[in-house]
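Contents: one structure, followed by commentary.
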Amino acid sequence: MATCGLIFIATFSLVYLFFSDSYWVSYVVAHSNRDLSTFYKIAALWSGQEGSLLFWSFLLAIYVFSALFVYRNKNGELMPYVGVVLAGVQIFFLTLNNFVASPFKVLATPGANGALEIFTRADGNGLTPLLQYPEMVIHPPNLYSGYTGFTIPFAFALGALLARYPGEKWIHLTRKWTMIAWCFQTAGVLLGAHWAYAVLGWGGYWGWDPVENASLLPWLTGTAFLHSVMMQEKRGMMKVWNVWLVFLTFMLCILGTTLTRSGIVSSVHAFAQSSIGNWFVGFLALILVVCFVAYVKNRDYLKSENQLDSIVSRESSFLFNNLILLVSCVAVLSGTLFPVFSEWLSGSRISVGAPFFNKVNIPLGLILLFLTGVGPLLAWRKTSVDSLKRNFSWPSLFSLAVGAVVFALGLHEFYSLLCLILCVFVATTIVMEFYRGARVVRARSGASFAASAVDLTLRNTRRYGGYIVHMGMVLIFVGLAGAAFNKDVQKDMQIGSTLQIGRYNLLLQSFDSKPERNYTSERMVVEVMQNNKPLMMLYPERRFFQTNQESGTMVAIYSTLRDDLYVVYAGQSPETQTPVIHAYLNPLVKWIWLGGAIVVMGTIVTLLPNRRSVLAFAAVQEPSAARPMSPSLAPSATLREGHD
Amino acid sequence: MTKMRRRKTLLFCIASVCTLALSVSVTAQDRAKQIGGKFMCMCSCNQVLTQCNHVGCTTSTAMLKELDQAVARGDSEDVITQAFVQEFGTKVYAEPPKSGLSLVAWVLPSVYLVGGTLLVVFIISRWRSRIHLETAAASGGHSGISAEELERARRRVARETED
C-alpha cells in the first residue's frame, strides 16, 4: 500500500509539473509547451520514454494493490507467492523509474563553484503533433492497462506453480483479472487502430507496424488462454499449456515494450532509441529462467486429469483455436523480427511490410472465424451427428445462400467473399443460440422475446457474454472484408473545382491559412455532394506547430455503415501551388469500430455476476445445442447454471 | 454530306485517340500504383510507398516520381524493382522476395502451421490411445458401480457439460 501511495504521489507530481509549466524539468521541456491544451498536458505524461514507464508503474501499482487487497484474508497458501512475484515485477519497473529513466531529471549546468545550477527554459518543445489527438489521451492508458493487467494472471500462475497450489483455484481467482486485462488490451488495440486511421492520413487503420504488432501479440496469446482455460476448468486438461500461455502472454507484453523502447525495430510509433532495451532483455531472460525452473521442478502437479473422448468435441475445437492463434502470433513475431535477423545473418536488412502480414494472416483469421462459429456449438467430450446436423444445417445453408447472392451481385474477391460467408455463418449460429435459449425462458416466464434474451444473458453471463464478444468479432471481420474494395483519388484542386469518388462529388469551396493558439492551420472547406445535392461540409486540414517545427494532418471523415469518405489535405502542389486533395472511399470501416464496442460490451457482460444461481427446466424440454448426455447420467430435472 | 461525314469520321477518330490515350494513362497510373505497392517508403515510416502520406514526406514524393517516370518509359517491373533495390537496398521490398534467405520468412508460417497441426494431432491421438487403454483396464476389472461412484460421476458430468 505504501508503494502504491508513493507511486501515486510521483505520478501526480509529474502531472502537476506539466500543468504548472515547470520548464526546469527535462521531461516537461521535451514534451510540453505553454500553449499546449490541458487535455494534452495529461497525455504528455506517457508521450515519452520516462513518463510512460512511470505510468506503467502507476497502473501496475493499482493492479497489485487491488489484487492484494481483494485476497488479503484468503488463499493463505498461495498469496505469499503471488505477492512475491508481483513485488518482483513492480521492483523492476521502479528500478527503471529511479535509476535508468527518471522523468524528474532537471535542467542544470555546472556553476562557477562547480556545483550544478538549475536553470529554467522560457518554454517547452511541445508535444509531437501526432499525439495531439483525442484518442491519444485514451489509447495508451487502455493499452498499458492491458499490458500491466496480464501481470496478475502471470503472478497467480507462477505463484500456484511454485506453491503447488491445488486444482484450478488459481484459474478461478484470475479469470476476471484476465478478462479485464484482455478487455483493456482489445480496446487499446482498436483505439490505436482508430488513431492511426484518423491521424496518419494514409487511409488505413492497420499497417502491421512493429509497434502495432507488439500490441497484437499478447492479445493473441491472451485470447488463446481465455479459451483453453475453459478446458482446465471443465475437464482438468491442458494444465501445462495454460500455465505456459499465461507466462508467454506476460513475456510478450514485456517483449512488446522492449521492441517499442529499444530501437531494435524501426517504427514511427516507437520511442527514441535507447539502451533501456538491455534492461528489458535481461528482465525477459530472468522471467524465462524462473518460469522454466518452476515448471521443471513442479511439472508433476500439472498432470492432466482427463483425456479427449472424441475429435468432434469442444475440447478439440479449443485445441485448434489455440493452434491458429499461436501460429498467427508466432508468424507475426517472426515477421516483425525478420528484418533484424536478416541484417544479422546477411548484412542487409530485408523489410517485411503489410503485404506479407496480410498474405499470412488473412487465411489464419478466416480459419479462426470458422472456429468461432463451430466451437461453441460442439459439446464437451463428444458431439453426436444429430447434434451437428441440428446446429449447423441452417447456418451453413443460409451463409452459402447469402454467399451465392452477393457473388451474383458482383462480389468476386475470394477472401472477402469467404469472409462474408463465414461472418453470416457465425452470426447465424449465435442468433440461433440466443433464440433457442430465449424461447425456453419465454415459455416459462411469458415475457417478450427481447426481455427473455436479456434475462437469458443475465442468467449465464459468461456464456452469453461470450457470444456477444463473438458477434463483435464478426462485425470486425465484416469491416476488414471491406478493405479489398478501397478506392482512392488524388487531385490538384482549384477553388470551385470538383473531384468524383464513388457516389460522392467533392467541391472545393475555399482554402485558407490561419494562426491558432498552438499551431498554424491550412484548411480546405470541401462540400460533399451526392446525386448533385449538398450532403455535408468537410474540413481537412494540416497543422504546423511552431514550437517543434512539425506538421500534423487532420483528416476529415464522413462515416456511414456503407463506407467512409476519407478526405486528406495532402499539401500544395509544387508545380501549381494549388491545394491537393487525396480522397479515399473505404467500405465498411465503421463496422470495425462498432464491432470493437460490442466486444468490449460483451466482455463487460461476462464479468457480471449471474442473476440467479439455479434455474429449473421442468416444463420445457429443449434440445440444447451442446448437451448430448445420456439420460442415466443427466441431472434429471435441474440444470445448474451460473457456475461462475 | 461528304463533308459532314468527313467531320464525323474526324471527330470519331479524335474521340477514339483521346479515349485510347486516357485509357493508356489510367493503365500507367494503375501500374505505377500496383508496382508501388511492392515497395516500402524509405522515410522510415514503415509504410508501403503508395500508402505513405506523412505530412511533407519528401522521400515518398521523390520515390513515386521516379516510379512514375520508370512506368512512363515502359520499364518492366523487374527492371524497376532492380533499380529501386540498387538505390535503396533490400529494405525497399514491402514483402521479402521469394528467394534466398528471404524465402525463410515465407516458409516459416507454413512450418508453424504444419508443425502445430501435427503436434495437436499427436496430442489428440495420445489422449485417445490412453482412453482405450483405460477402458480396456476398466472392463477387465469388476463391473459393479457403487452408489458413491455413480453420484461422483453424475457430479462430474454436470460440471463438465454445463456451458
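With a requirement of 2 or more residues that are in contact with an Asp or Glu (Cβ under 8 Å, 6 or more places away or on another chain), the helices (runs of 4 or more DSSP H) lying completely within the range A:24-80 that satisfy it span A:26-31. Looking across the range A:188-216, the residues that are in contact (Cβ under 8 Å) with a residue 24 or more places away in the chain, facing another protein chain (nearest Cβ under 10 Å), out of contact with any Asp or Glu (no Cβ under 9 Å at 6 or more places or on another chain) and outside any helix (DSSP H, G or I) come down to A:G201, A:G204, A:G207, A:W208, A:D209. Would you confirm whether or not the range B:45-55 contains a residue that is in contact (Cβ under 8 Å) with a residue 12 or more places away in the chain, in contact with a Lys or Arg (Cβ under 9 Å, 6 or more places away or on another chain) and at the interface with another protein chain (Cβ under 8 Å from one of its Cβ atoms)? Looking for residues that are in contact (Cβ under 8 Å) with a residue 12 or more places away in the chain, in contact with a Lys or Arg (Cβ under 9 Å, 6 or more places away or on another chain) and at the interface with another protein chain (Cβ under 8 Å from one of its Cβ atoms), one finds at least one in the range B:45-55, hence yes.
In the range A:345-387, what count of residues is obtained for those that are within 27 Å of the chain's Cα centre (by Cα), within 10 Å of chain B (Cβ to nearest Cβ) and within 30 Å of B:L101 (Cα to Cα)?
Summing the residues that are within 27 Å of the chain's Cα centre (by Cα), within 10 Å of chain B (Cβ to nearest Cβ) and within 30 Å of B:L101 (Cα to Cα) in the range A:345-387 gives 14.
Residues that are surrounded by fewer than 19 Cβ atoms within 10 Å (Cβ to Cβ) and more than 20 Å from B:E95 (Cβ to Cβ) within the range A:348-369 comprise just one, A:I367.
Just one of (1) closer than 30 Å to A:N33 by Cβ; (2) free of Cβ contacts under 8 Å to residues at least 24 places away in the same chain; (3) over 32 Å from the mean Cα position of the chain (by Cα) trips up A:K533, so point out which. It fails just one condition, (1). Hey, any hits in the range A:406-420 for a residue that's under 17 Å from A:G479 (Cα atoms), in a loop (DSSP other than H, G, I, E, B) and either touching a residue at least 40 places away in the same chain (Cβ under 8 Å) or aromatic (F, W, Y) (or both)? Yes, that holds for at least one residue. For the range B:36-77, the tally of residues that are aliphatic (A, V, I, L, M) and surrounded by fewer than 21 Cβ atoms within 10 Å (Cβ to Cβ) stands at 6. Considering the range A:421-449, and only residues there that are among the hydrophobic types (A, V, I, L, M, F, W, C) and without any contact (Cβ under 8 Å) to a residue 12 or more places away in the chain, the residue that is farthest from A:T606 (Cα to Cα) turns out to be A:A447.
Conditions tested, residue by residue: (1) basic (K, R); (2) surrounded by fewer than 16 Cβ atoms within 10 Å (Cβ to Cβ); (3) outside any strand (DSSP E or B).
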{"residue": "A:V474", "(1), (2), (3)": "no, no, yes"}
{"residue": "A:G479", "(1), (2), (3)": "no, no, yes"}
{"residue": "A:V489", "(1), (2), (3)": "no, yes, no"}
{"residue": "A:L499", "(1), (2), (3)": "no, no, no"}
{"residue": "A:L506", "(1), (2), (3)": "no, no, no"}
{"residue": "A:S510", "(1), (2), (3)": "no, yes, no"}
{"residue": "A:S513", "(1), (2), (3)": "no, yes, no"}
{"residue": "A:R523", "(1), (2), (3)": "yes, no, no"}
{"residue": "A:P534", "(1), (2), (3)": "no, yes, no"}
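When A:F545 is tested against (1) within 17 Å of A:A198 (Cβ to Cβ); (2) crowded, with 21+ Cβ neighbours inside 10 Å, only condition (1) is not met.
Of all residues in the range A:288-330, count the ones that are over 24 Å from the mean Cα position of the chain (by Cα), in a helix (DSSP H, G or I) and more than 8 Å from chain B (Cβ to nearest Cβ). Working first, answer last.
Here is the first cut: in the range A:288-330, the ones over 24 Å from the mean Cα position of the chain (by Cα) are A:288-316.
The next check asks that each one be in a helix (DSSP H, G or I); those that pass are A:288-302, A:314-316.
This time we only want the ones that are more than 8 Å from chain B (Cβ to nearest Cβ), so: A:288-302, A:314-315.
Residues in the range A:288-330 being over 24 Å from the mean Cα position of the chain (by Cα), in a helix (DSSP H, G or I) and more than 8 Å from chain B (Cβ to nearest Cβ): 17 in total.
Scanning the range A:503-531 for residues that are out of contact with any strand residue (DSSP E or B) (no Cβ under 7 Å at 6 or more places or on another chain) and under 25 Å from A:K590 (Cβ atoms) gives a single hit, A:N531.
Any residue at all in the range A:604-613 that is at pLDDT below 75, surrounded by fewer than 18 Cβ atoms within 10 Å (Cβ to Cβ) and outside any strand (DSSP E or B)? Before the answer, list the steps.
From the range A:604-613, those at pLDDT below 75 are A:612-613; that's our starting set.
Filter again for surrounded by fewer than 18 Cβ atoms within 10 Å (Cβ to Cβ), leaving A:612-613.
Adding the requirement that they be outside any strand (DSSP E or B) leaves A:612-613.
Yes, the range A:604-613 contains a residue that is at pLDDT below 75, surrounded by fewer than 18 Cβ atoms within 10 Å (Cβ to Cβ) and outside any strand (DSSP E or B).
Within the range B:82-99, the set of residues being of a type in the set (A, V, I, L, M, F, W, C), closer than 14 Å to B:S44 by Cα and either at the interface with another protein chain (Cβ under 7 Å from one of its Cβ atoms) or crowded, with 20+ Cβ neighbours inside 10 Å (or both) comprises B:V92, B:A94.
Note on the range B:1-89: enclosed helices (runs of 4 or more DSSP H) holding 3 or more residues that are modelled with pLDDT under 75 are B:2-36. As a summary of the residue check, A:P80 satisfies the conditions (1) modelled with pLDDT of 90 or more; (2) closer than 19 Å to A:P141 by Cα; (3) surrounded by fewer than 18 Cβ atoms within 10 Å (Cβ to Cβ) except for the one numbered (2). For the criterion of being assigned by TED's automatic domain parsing to the domain that holds A:S20 and over 30 Å from A:K303 (Cβ atoms), A:G88 fails.
State all residues of the range A:151-187 that are not in a helix (DSSP H, G or I) and not charged (D, E, K, R); if no residue qualifies, say none. Break it down into steps so the answer makes sense when it comes.
Filtering the range A:151-187 for residues not in a helix (DSSP H, G or I) gives A:164-168.
Hits for the range A:151-187 are A:Y165, A:P166, A:G167.
Select from the range A:557-595 the residues that are farther than 30 Å from A:C423 by Cα, within 14 Å of chain B (Cβ to nearest Cβ) and in contact with a strand residue (DSSP E or B) (Cβ under 7 Å, 6 or more places away or on another chain) and list them in ascending order.
Initially, the range A:557-595 is screened for residues farther than 30 Å from A:C423 by Cα, giving A:568-582.
Right, trim to within 14 Å of chain B (Cβ to nearest Cβ) and you get A:568-575, A:579-582.
Scanning the range A:557-595 gives A:V568, A:Y569, A:A570, A:G571, A:Q572, A:S573, A:P579, A:V580, A:I581, A:H582.
Apart from one condition, A:R517 fits all of (1) closer than 30 Å to A:P376 by Cα; (2) exposed (fewer than 14 other Cβ atoms within 10 Å of the Cβ); the exception is (1).
The values are calculated or read from the model by the stated rules, or taken from the named source; none is laboratory data. Just so we're clear, the structure is a prediction, and the values are computed from it rather than from any experiment. Note: ideal-geometry Cβ built from the backbone for every residue, glycine included; neighbour counts use all protein chains shown.
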